[in-house]
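Scroll down for the structure; my scribbles are underneath it.
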Amino acid sequence: MKKYIDRLIVLFKQYKGIIYFLVILFTTHFLWKWAVDADVKDQRIAIFGIDLTSQFYCLSQWTAKQIYRFCSLFPGTDNFFLYDVRLYFWDAKIKLSVIWGCTGVKQLYIFLSIMLLYPGPWKKKLWYIPLGALILWVYNILRISLILFLTRHHAEWFDFLHEGLFRYLYYGIIFILWVYWEEKIRKPSI
């Protein structure tokens, strides 16, 4: 029994960083679920009981404008439109609304929490956190843009792309940013 426990201790020491990352990730996820009261249908959002609907609506509008500007750079977008927070192609089967959940705030909150709670030199965190936030913001614009283009003639792909593939890639990028922090930046050079 002691050998078994010793092996477990060695195994946990080996994966201590990943376990710590996962604990922070899941804790922040569940804290978000606990602290945020939101309704997707009426776009209402409150954090710790404070109504932030108008602030998130402005953020949704800003995000939609960034996506519109990015998508408009590509050929074949002369029939691409932005109306308030709705983005759509004239000939598309669906119109996408950029709601508060599409702004990437939750993912930025999770990344920020991981970086603030994970050990490492603060001087390096001061530049790495904004860099990681920028990477996540760019990914969010690309993610929604790709969803727009890919669902233009295939509305049935929306759930797979939005709720599945691109959401998991989002968390994969957060993991890769953490791995890069852990392996290349936080640990001292040998």
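The values are calculated or read from the model by the stated rules, or taken from the named source; none is laboratory data. Keep in mind the model is a prediction, meaning the values are calculated, not measured. Every residue, glycine among them, receives a Cβ derived from its backbone with ideal geometry; neighbour counts consider all protein chains shown. These accessible areas exclude ligands, DNA and RNA; they are computed on the full protein's heavy atoms, side chains included. Shrake-Rupley method; radii C 1.70, N 1.55, O 1.52, S 1.80 Å.
Every residue, every condition in (1) modelled with pLDDT under 90; (2) aliphatic (A, V, I, L, M); (3) closer than 19 Å to GLU182 by Cα, yes or no:
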position	(1), (2), (3)
ALA92	yes, yes, no
LYS95	yes, no, no
PHE111	no, no, yes
LEU117	no, yes, yes
LEU134	no, yes, yes
ILE144	no, yes, no
ARG152	yes, no, no
GLU163	yes, no, no
TYR168	no, no, no
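Which residue is farthest from ALA35 (Cα to Cα), if the candidates are limited to segment 54-64 and must be in contact (Cβ under 8 Å) with a residue 12 or more places away in the chain and open to solvent by less than 80 Å² (accessible area, probe 1.4 Å)? The selected residue is ALA64. Residue count for segment 33-52, restricted to those that are in a helix (DSSP H, G or I) and either out of contact with any strand residue (DSSP E or B) (no Cβ under 9 Å at 6 or more places or on another chain) or crowded, with 16+ Cβ neighbours inside 10 Å (or both): 2.
Each row is one residue, and each column tells you yes or no for (1) part of a helix (DSSP H, G or I); (2) closer than 20 Å to TYR139 by Cβ; (3) touching an Asp or Glu at 6+ places or on another chain (Cβ under 6 Å); (4) of a type in the set (A, V, I, L, M, F, W, C).
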site: PHE21; (1), (2), (3), (4): yes, yes, no, yes
site: THR27; (1), (2), (3), (4): yes, no, no, no
site: PHE30; (1), (2), (3), (4): yes, no, no, yes
site: SER54; (1), (2), (3), (4): yes, no, no, no
site: TYR57; (1), (2), (3), (4): yes, no, no, no
site: THR63; (1), (2), (3), (4): yes, yes, no, no
site: GLN66; (1), (2), (3), (4): yes, yes, no, no
site: ASP78; (1), (2), (3), (4): no, no, no, no
site: PHE81; (1), (2), (3), (4): no, no, no, yes
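Within segment 134-161, restricting attention to residues that are touching a Gly at 6+ places or on another chain (Cβ under 9 Å) and free of Cβ contacts under 8 Å to residues at least 60 places away in the same chain, the residue that is most open to solvent (accessible area, probe 1.4 Å) is TRP137.
Right, PHE74: outside any strand (DSSP E or B), open to solvent by 40 Å² or more (accessible area, probe 1.4 Å) and more than 26 Å from ILE174 (Cβ to Cβ) or not? It is true that PHE74 is outside any strand (DSSP E or B), open to solvent by 40 Å² or more (accessible area, probe 1.4 Å) and more than 26 Å from ILE174 (Cβ to Cβ).
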